[in-house]
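Engineer: Structure below; questions to follow.
Read-outs throughout are calculated quantities, based only on the coordinates presented, and are distinct from any laboratory measurement. Quantities reported herein were computed from a predicted structural model and do not represent experimental measurements. Cβ placement follows ideal geometry from the backbone for every residue including glycine, while neighbour counts extend to all protein chains displayed.
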Amino acid sequence: MSDEGYQSKSSWHGDDQPRLGVPQSQTVESASSSSPRLPASASPLPRSSTDSDSKPIHSPPWNDSQSLERRDTLATIHSVDQPGQGLVESGFDESVLRALCDLDCGVPLLLDRIKQSVVSCREASIFFKKRAAIEEEYGRTMQKLSRSTAEVYALNDGKAGTFVSAWMSSMRVHELMADNRLRFAQRLNEMSEELATLVKEVDKNRKQTKDLATRYERALQESEAATEKCKNRLDFTSEELERLLLQKEGESFKDTAVKAQAGGVGGKRAIGKAVAKGGLLLKGKNPGNIQRQEDDIRSRVSTASDQYRKAVTDTQTMRQEYFNFQLPRILRALKECADEIDLGTQYHLTRYAFLFESIVLSDGSTLVPTGDEGAVGLKSAVETIDNRGDFKTYMQNYVYARGGMAAARRPKRDGPADEGYLPPINVYNGPNYAAQNNAPNGIVGLQDKGRPTFGIDLAEQMTRDNVEVPPIINKCCEAIEKHGIHSQGIYRVSGMTSKVNNLKQRLDKDLDSVDLDTPEWSGDINTVASVIKMWLRELPDPLMTYNLHQGFIEAAKIENDRLRHIRLHERVNDLPDPNYSTLKYILGHLHRVNQHAAENSMSTQNLAIVFGPTLFGQQMPTNGHEAGVMADAPFQNQAIETILNHYTDIFIDESES
């Protein structure tokens, strides 16, 4: 085959091999050689086509600067004129390209394969789009549900305490999961758009390459048809010249016809055409005429021979150019299209699998956090609910806010003996019951120092002890700041009644002998906090005093924050000195507790709810009516909250700060 001008398969290894049959003036943008394909329809005649002045019948159609203009798939096709470059990239599968070049159906095979890949890629893009819509709807619905549920619960009269904290934490967990789904939907939309763009680009490149391949094949077919016409013309004129020479030598037409019939059907057909077109052999046998006819026929034979030789050379060049360079180039472009869309589809499917796994793992880590970043999972949030503690806090707040009003409409528990009330019955309380009943003051081994502090007028006991702050307040507040300032709900969770009464009796009988740093009390710091509140409630005149009670309430009703602060500051300054100094110390202690609100959940609002009724007192001796006092409970809380928020402005001088 190399004798016919085809390139050997060794030309696959580089462009340093000779390019047979290709004019050196032609420039190929990007080419890859191929194994020989179809043989020539006829071998070239010995005479060179350059000996004739006739024009070529057909010129190669790819000399009109046609090229494959592709964005991606042809970006790696290099010109064979560049030094050091091979015809095929090292990363490309050359064996596949050789196999495709050896097939007669290589181009339609790749075109159908690309069409299948386009359908698959489009289906993946549609799936990602629909899945993104589902995830986005789910994420937005979940986000809206969690936010609206949290807002509605805050407005409703639901349970407070640890339950509301756990409930809000669970809503935040759902909102985080919704955010994860929305991000997942966004990634799916991006992947769908990328696949859709890839489908458009590859389909466009496929059509362009198909048009180019069709144009090359059509041009080669037209060149082969033109060569066949030139061959037939040359055969016809050659037969005519042969008959004329036989006539000139005196052979009969009959013998010539017999020989033509023996030579084949084509020769008989050619003689018949010659006779039909003029019957040259039937003209007169004038030697001059015969010589002129011979010269004319020989001229036409020479012209036909030159045209046929030129057509054969052009067709052979075109065929070699197509099968050795253009066909591998087209097949390479189509194979790169197929690889591009196949790899792109596989990449996005792999990315989808990774994102799907990531979103599932993200949901799992949101539900059950593994790090030490302080994140709370759904189960751990629910486990923080303390129903018993919440109920104790609710009971305490309920008694503070409504206990007096409810007691006025219900039977009284205690009363004077002359009205028929019986003394309380002692309750068995363990093995020390008899000893406690028989011991002085009710507590074994504890002597009464005669300096009681519970139920004693504040000014009286401070004058008696010659102090600026009651010692019991000082002692208990220091213990709480030392052992319980980080305790959850330090003032909202009450201690056990028996332990609170026990500590109260000990402090009332011998304050100095009680060590609150011992594990008995430091391990149950809520008992100490309950004793402080009990001491404040049992004052004969509340810390805020009955006389100034109405003034504080009127100031708390002011809606303007600044004006309310000023009026409450004035009322605080009106307090007696013992009350002022004690209030300053207690609110200073609460101010320090509030600085750790992130840990103990004692915000200024919670502290005000606990200490509002405690500091203002539960009763007022005004005609025996308590309903008005209960109605003032919200304003008591508002007053304490405002004073606590402006503690530094009200109590701390610039010199002290």
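Engineer: If packing is taken as the mean number of other Cβ atoms within 10 Å per residue, what is the order of 532-541, 355-364, highest first?
Structural biologist: With the highest mean Cβ count within 10 Å placed first, the list reads 532-541, 355-364.
Engineer: A further question follows. Rg and Dmax of the range 472-560, using alpha carbons, in Å: what are they?
Structural biologist: 15.6, 48
Engineer: Based on the Cβ-Cβ distance from ASP577 to THR141, what FRET efficiency comes out when R0 is 51 Å, to the nearest 0.05?
Structural biologist: 0.25
Engineer: Further question: Starting with the highest mean, order 386-398, 479-491 by the number of other Cβ atoms within 10 Å, averaged over the residues of each peptide.
Structural biologist: So the peptides 386-398, 479-491, ranked by packing, come out 479-491, 386-398.
Engineer: Roughly speaking, what % of Cα-Cα pairs in the range 309-367 are separated by over 13 Å, rounded to a whole number?
Structural biologist: The proportion of pairs with Cα distances above 13 Å equals 74 percent.
Engineer: So for the range 80-232, Kirkwood radius off the Cα pairs, Stokes-Einstein at 10 °C and 1.306 mPa s: how many µm² s⁻¹?
Structural biologist: 73 µm²/s
Engineer: Could you derive backbone 3J(HN,Hα) for the range 337-354 from the dihedral phi with the Karplus parameters 6.51, -1.76 and 1.60 (θ = phi - 60°), listing whole Hz in sequence and x where the residue is Gly or Pro?
Structural biologist: Coupling constants for the range 337-354: 4, 4, 5, 4, 6, 5, 5, x, 5, 5, 4, 6, 5, 5, 5, 4, 4, 5 Hz.
Engineer: For ASP179 and ASN286 in the same chain, what is the full-extension length gain: residue separation times 0.36 nm, less their Cα-Cα distance, in nm?
Structural biologist: Extra length from ASP179 to ASN286 when fully extended: 27.7 nm.
Engineer: How much length is gained on full extension from THR497 to THR197, taking 0.36 nm per residue of separation minus their Cα-Cα distance?
Structural biologist: Once the chain is fully extended between THR497 and THR197, it gains 100.5 nm.
Engineer: Let me ask something else about it. Which stretch or stretches of the range 499-542 have amide N atoms under 11 Å from the point lying 7 Å from GLU478's Cα along the Cα→Cβ direction?
Structural biologist: Those under the cut-off are 516-517.
Engineer: Evaluate the relative contact order of the range 113-192 (contact order divided by residue number), counting alpha-carbon pairs under 8 angstrom at least 6 apart; express in whole percent.
Structural biologist: Across the range 113-192, relative contact order equals 56 percent.
Engineer: Using the Karplus equation 6.51 cos²θ - 1.76 cosθ + 1.60 (θ = phi - 60°), what ³J(HN,Hα) coupling, rounded to whole Hz, does each residue of the range 524-541 give in order, writing x for Gly and Pro?
Structural biologist: 10, 5, 5, 5, 5, 4, 5, 5, 4, 5, 5, 4, 5, 5, 8, 5, x, 10
Engineer: Using the basic label-point model (7 angstrom from Cα toward the beta carbon), what is the ASP102 to THR518 distance in nanometres?
Structural biologist: Placing both labels 7 Å along Cα→Cβ, they lie 10.1 nm apart.
Engineer: Taking 4 °C and 1.567 mPa s as the conditions, I'd like the Stokes-Einstein D for the range 347-397 in µm²/s, using the Kirkwood hydrodynamic radius from alpha carbon pairs.
Structural biologist: So the translational diffusion coefficient is about 93 µm²/s.
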